[in-house]
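**Q** Sending over a structure as structure tokens; questions will come in a sec.
The values are calculated or read from the model by the stated rules, or taken from the named source; none is laboratory data. Nothing here was measured: the structure is a model prediction, and the numbers come from that model. Cβ: placed from backbone, ideal geometry, glycine included. Neighbour counts: every protein chain shown.
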Amino acid sequence: MRELMSVEEKILDRALYLIGKNKTMDVPVRAIAKEANVNVSAINYYFRSKEEMLKQVRQFYLTNTESVSLILNNKEYKDDEEKLILAANEIMEYMLRFPGVTVILRDALKNNENDEISRLIINENSNMHKKMEKTLEEITINNKMPLKHKMAIFMASITHTIENCDIMDFAKNIVDTRDERIKFIESIIKVLKAT
């Protein structure tokens, strides 16, 4: 996940956080300014309008989604299992930082015919999913369970744990640290590799 480099990125980061937290794209500019610890005028200075800011938020989301694909394509990792573990951890970190990020994807699905960035978000998510699916298939080749089922179990394990860690005592310890998340992901893969 990218580190924030500027006030502009901090505003985008906090806007994306609030969109997820409120589960809507319709977050007031004042709330974003307060969360980013900037004046409303800073938002106007950097983005000129709320619509332009939301366009940039979606681009920020897209960039972070692309980072998962980069992990899956990286030839420096020792094998497919390491790539999948690191990619899944990246997804978990992203979901922790931006609760409910599916709001952005749902909005893109709703607007994909009218909006280029929405089409890019959908395409990148689809590409990422296909790469993860192919990698999971390679790792779990000995398990004869249908690939769709393996992928559903894998993704549900990750997303359910993150989305419910605040209400489920068992999940909190799983997501607290990178090491704990990695152990959890390795356990999921171990179960899926079993024949």
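**Q** How many residues are touching an Asp or Glu at 6+ places or on another chain (Cβ under 7 Å) and part of a helix (DSSP H, G or I) when one looks only at the range 19-59?
**A** Counting residues in the range 19-59 that are touching an Asp or Glu at 6+ places or on another chain (Cβ under 7 Å) and part of a helix (DSSP H, G or I) gives 1.
**Q** Could you list, ordered by first residue, the pairs with Cβ atoms under 6 Å in which the first is in the range 158-169 and within 27 Å of Leu136 (Cα to Cα) and the second is at pLDDT below 75 and among the small types (Gly, Ala, Ser), at least 6 apart or interchain?
**A** Thr161/Ala171; Asn164/Ala171; Cys165/Ala171
**Q** Report, by residue number, each residue of the range 1-17 that is free of Cβ contacts under 8 Å to residues at least 24 places away in the same chain and over 24 Å from Ala87 (Cα atoms).
**A** Listed by number, the list holds a single entry, Ser6.
**Q** Hey, does the range 12-20 have a residue that's in contact with a Pro (Cβ under 8 Å, 6 or more places away or on another chain) and under 17 Å from Thr159 (Cα atoms)?
**A** yes
**Q** Test Ile174 against the criterion of being over 27 Å from Gln59 (Cα atoms) and in contact with a Cys (Cβ under 9 Å, 6 or more places away or on another chain), and give yes or no.
**A** In short, yes.
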